[in-house]
Amino acid sequence: MLKVGLTGGIASGKSTVGGMFAVLGVHVIQADVIAHQLMLPGERVHGEVVRHFGEAILNPDGTINRSRLAELAFSSQQNQPSRIKELNQIVHPAVIQAQEAWMDEVGQRDPHAIAMVEAALILEAGAGKRFDRLVVVTCGPEQRIERWARKQNVDHEASRREIGRRRAAQLPDEEKVKAADYVIDNSGSLHETSEQVRVIYEQLKRAAEETR
């Protein structure tokens, strides 16, 4: 089985690219979905996050309000440093463990499968070496702002601020590209992106078929 990491900066289009790989037959899972599941009431990560960030982040039903949590984690109010590192230290180990279990399960079902994990912070979490191949998605700064604004239904200025705030917790694209086995430029049309995905898929497929 071939383990593939799919990463890139905020609003670069990772999920779109992951969907294209999935259509071609790649097994794809999103780290954000895993994290969401681990933060459900009753899960250990839920309790740890609430203990660190307080009950103010909870909805009336006990679930974590992710917008409030993000505000606390990414903000640097009253000269206090961002707490995103504190949040990541709680969440990342559990997410990585769940990813490994999922990839093992995929490999047991199909020894020549391609198991792809889509995650924004693969390199930041020190998890790059857990994968056989790393795919990095990039795009231009204005495209990020446009995509985030559209996704979150906010104006461009609010999108620009949020993009800047979140990118401060991520490695620059240049550093991600240096660590990549493949780079997908998602600044063009969907067709252009899908053509890059198709070419990379064929190479990943050959590598997976050679695994023992």
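Quick one: would you say Lys129 is exposed (fewer than 15 other Cβ atoms within 10 Å of the Cβ), among the charged types (D, E, K, R), closer than 29 Å to Lys85 by Cβ and free of Cβ contacts under 8 Å to residues at least 24 places away in the same chain?
Yes, satisfied.
Just for segment 147-164: of the residues that are in contact with a Ser or Thr (Cβ under 8 Å, 6 or more places away or on another chain) and of a type outside the set (S, T, N, Q), which one is nearest to Ala125 (Cα to Cα)?
Trp148
Hey, any hits in segment 91-101 for a residue that's farther than 21 Å from Lys176 by Cα, of a type in the set (Asp, Glu) and in a helix (DSSP H, G or I)?
There is at least one residue in segment 91-101 that is farther than 21 Å from Lys176 by Cα, of a type in the set (Asp, Glu) and in a helix (DSSP H, G or I).
Yes or no: segment 188-198 includes at least one residue that is under 29 Å from Asp104 (Cα atoms), of a type outside the set (Phe, Trp, Tyr), out of contact with any helix residue (DSSP H, G or I) (no Cβ under 6 Å at 6 or more places or on another chain) and modelled with pLDDT under 95.
Taking every residue of segment 188-198 in turn, none turns out to be under 29 Å from Asp104 (Cα atoms), of a type outside the set (Phe, Trp, Tyr), out of contact with any helix residue (DSSP H, G or I) (no Cβ under 6 Å at 6 or more places or on another chain) and modelled with pLDDT under 95.
Every residue, every condition in (1) loosely packed, with under 14 Cβ neighbours inside 10 Å; (2) in contact with a Pro (Cβ under 6 Å, 6 or more places away or on another chain); (3) part of a strand (DSSP E or B); (4) not small (Gly, Ala, Ser), yes or no:
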residue: Glu157; (1), (2), (3), (4): yes, no, no, yes
residue: Ile163; (1), (2), (3), (4): no, no, no, yes
residue: Arg166; (1), (2), (3), (4): no, no, no, yes
residue: Val183; (1), (2), (3), (4): no, no, yes, yes
residue: Ser187; (1), (2), (3), (4): no, no, no, no
residue: Ser194; (1), (2), (3), (4): no, no, no, no
residue: Ile200; (1), (2), (3), (4): no, no, no, yes
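Are any residues in segment 57-96 modelled with pLDDT of 95 or more and surrounded by fewer than 12 Cβ atoms within 10 Å (Cβ to Cβ), and if so, which ones?
Asn59, Pro60, Asp61
In segment 168-181, what residues are touching a residue at least 40 places away in the same chain (Cβ under 8 Å) and part of a helix (DSSP H, G or I)?
Across segment 168-181, the qualifying residues are Asp173, Glu175, Lys176, Val177, Ala179.
The values are calculated or read from the model by the stated rules, or taken from the named source; none is laboratory data. Note that the coordinates shown come from a computational prediction; the quantities given were computed from them, not determined experimentally. Heads up, the Cβs are rebuilt from the backbone with ideal geometry, glycines too, and the neighbour counts pull from every protein chain shown.
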